[in-house]
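Chemist: What follows is a single structure, and I will ask about it in a moment.
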Amino acid sequence: MGITSIMRDLGLPGHRYETLVHFFRSSAWSLESLRKKWLQIVKRFAPLFYLNGRVVLVGDGMKQAKEARHMPGVKKLHQESENTSKAAYIFGHLFGAIGVLMGTPKKWFCLPLFINLQDGVKAIFDWSHSSKQWESHVIQVIDQGFNAAKGLKENGLLLLDRYFLTAPALKRWTQLNQSGGAQLHLVTRAKMNAVAYELPPKKKKGRGRPRKKGNMIKLNTLFQSRADEFQTATVTMYEKQETVQYLCLDLLWGQGHYQKLRFVLVKYNGGISILVSTDLTLEPVDIIQLYGHRFKIECTFREMKQAIGGFSYQFWSKSVPKLKKYLQKGETHPLEQVTDPKDRRNIRQTVKAIEGFVMCSCIAMGLLQLIAVKFSHKSSVRYFRYLRTPSKSIVSEATVMAYLRRFIFLMFARNPRLTITQIIQNKRKNPEKMPDSNDDRMVS
């Protein structure tokens, strides 16, 4: 839940606080190497979910409110939510996340693979003078999905929200699939006002070039005009058997792009939805069941926020210009005015500290989920605390966390040869000289 709680739970002396703070800004470790190692651990130990021999990934964006005036990456963000308690606009960080489905048919988790800042840091990115261009949030999530599939050495299916169904995203997907390496297909949802096009006729009539598309179709009108063609099926959604009606069509989508996609129109529990897949071989029932798993990443975000405090960081730097909340259109960003090499280095270290803290939180969340999947059958884990509605199969991440906070030192005592046990005991038994009460470090 943050550096302060680590100090309390491990019983470390107070002067170790600065050491832990400096760790996240240190150049002794690389964020990229940490991500690669975590992917190797997930590949080795996690019981991954496969469909037709492909691993199932989940991608989404997450907005975290931050009001610090000297924190890099903070910008004005729009929130699309029907919850009236949420403001329409906030100041904060925009993260992009990729997770992988793992667990058992009794309960599936979205295990986070990596999360990084994807907006508000373009000026910092430009300081490196790299030939690579800064891409939009949608394109970065597509790139992350391919990187995750390559790291796991698997072909994959990437589940995305309707926000990511754009022509630039499909162009990048096509480009990366043709470049070799891991193959990845997208499963997402279309907006209700979306239009598609029929396939062009095979035989051309008259003079001129062949047609690229057929007649235009407003997809939401098909729920009434072709209602008698809908089929009924029983699918597993949210760990329950549900009856749905669907209509499957292969159409062209994207003005000027005309990508062939598989559309599945679904009637479920009084509502309607339009699902989309780039894989034309996927069965409609599989597409419906797959998209039902997309919400697992929202559950992961909630647990990371509420259980382990994965976004409760407060890294900032005096080198960051003061946040200007009302930036005029066409006005240069304050970060573009930073030219001093030392200030730029400090800002980059602050961004690394933020992303490193969130990455460590991803690993912590993933470990809790792995423990829940592998050890929930033990009665000591399932029934050690009172729950009004206890889980009948696999316990939650919060239950595992509460169990470890209570019994982890007992585990250390029973396993004195563990490396982590020896490190913690050495830090507690041989503390460095405590600073004086008038020392500035004690005040900070």
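The numbers here are math on the coordinates, done by the rules we state, and not lab data. This structure is a prediction, so every number in the text was calculated from the model and none was measured. Here Cβ is always computed from backbone atoms with ideal geometry, including for glycine, and neighbour counts include all displayed protein chains.
Chemist: Give me the net charge for the shell around Phe114: Cβ to Cβ below 12 angstrom, other residues only, Lys and Arg +1, Asp and Glu -1.
Modeler: Around Phe114, the charge tally is 0.
Chemist: Now, a different point. Regarding the range 156-219, what's the average projected area of the Cα-atom convex hull, expressed in nm²?
Modeler: Mean projected area of the Cα convex hull: 6.2 nm².
Chemist: Take the Cα pairs of the chain, get the Kirkwood Rh, then feed it into Stokes-Einstein at 20 °C and 1.002 mPa s and tell me D in µm²/s.
Modeler: Value of D from the Cα-based Kirkwood radius: 86 µm²/s.
Chemist: Using 1/(1 + (r/R0)^6) with R0 = 56 angstrom and r between the beta carbons of Lys305 and Arg226, what's the FRET efficiency to the nearest 0.05?
Modeler: For R0 = 56 Å, the calculated efficiency reads 0.85.
Chemist: A further question on this structure: With 10 angstrom as the radius, rank Asp340, Asp143, Asp60 by how many other C-beta atoms surround their C-beta, starting from the fewest.
Modeler: Least to most surrounded, the residues fall as Asp340, Asp143, Asp60.
Chemist: Going by average Cβ density within 10 Å per residue, which order do the peptides 303-309, 389-395, 28-34 take, highest to lowest?
Modeler: Going by the mean number of other Cβ atoms within 10 Å, highest first, we get 303-309, 389-395, 28-34.
Chemist: Once phi is turned into θ = phi - 60°, what whole-Hz ³J(HN,Hα) does the Karplus curve with 6.51, -1.76 and 1.60 give for every residue of the range 215-232, x standing for Gly and Pro?
Modeler: 6, 7, 10, 7, 4, 5, 7, 6, 5, 9, 5, 10, 4, 6, 8, 5, 9, 10
Chemist: May I pose another question? What is the range 368-422's relative contact order, in percent, from Cα pairs under 8 angstrom and six or more apart in sequence?
Modeler: Relative CO of the range 368-422 lands at 34 percent.
Chemist: To continue, here is another question. How tilted is helix 419-429 with respect to the longest principal axis of the chain? Cα atoms for both, answer in degrees (0 to 90, nearest 10).
Modeler: Once rounded, the angle reads 40 degrees.
Chemist: Turning to a different aspect of this structure: For a quick check: sort Ser361, Ser5 by the number of other beta carbons within 10 angstrom, fewest at the front.
Modeler: The order, fewest Cβ neighbours first, is Ser5, Ser361.
Chemist: Filter the chymotrypsin sites (Phe, Trp or Tyr not before Pro) in the range 314-395 to those in DSSP coil with at most 13 other Cβ atoms within 10 Å of their Cβ, and list the result.
Modeler: Passing both the DSSP loop test and the Cβ count: Tyr326, Tyr383, Tyr386.
Chemist: Under 16 Å between alpha carbons, and skipping anything fewer than 8 positions from Lys240 in its own chain: which lysines qualify?
Modeler: The qualifying lysines are Lys106, Lys107, Lys296, Lys392.
Chemist: While we're looking at this one, here's another question. Select from Gly366, Gly145, Gly53 the residue whose mean-square fluctuation is largest in a Gaussian network model of the chain (Cα-Cα springs shorter than 10 Å).
Modeler: Gly53
Chemist: To continue, here is another question. Summing Lys, Arg as +1 and Asp, Glu as -1, what charge do residues with Cβ under 13 Å from the Cβ of Tyr403 carry, Tyr403 excluded?
Modeler: +4
Chemist: Here's something else I'd like to know. Hey, with R₀ at 30 Å, roughly what FRET efficiency would Val21 and Tyr163 work out to, going by the Cβ-Cβ distance, to 0.05?
Modeler: Plugging the Cβ-Cβ distance into 1/(1 + (r/R0)^6) gives 0.25.
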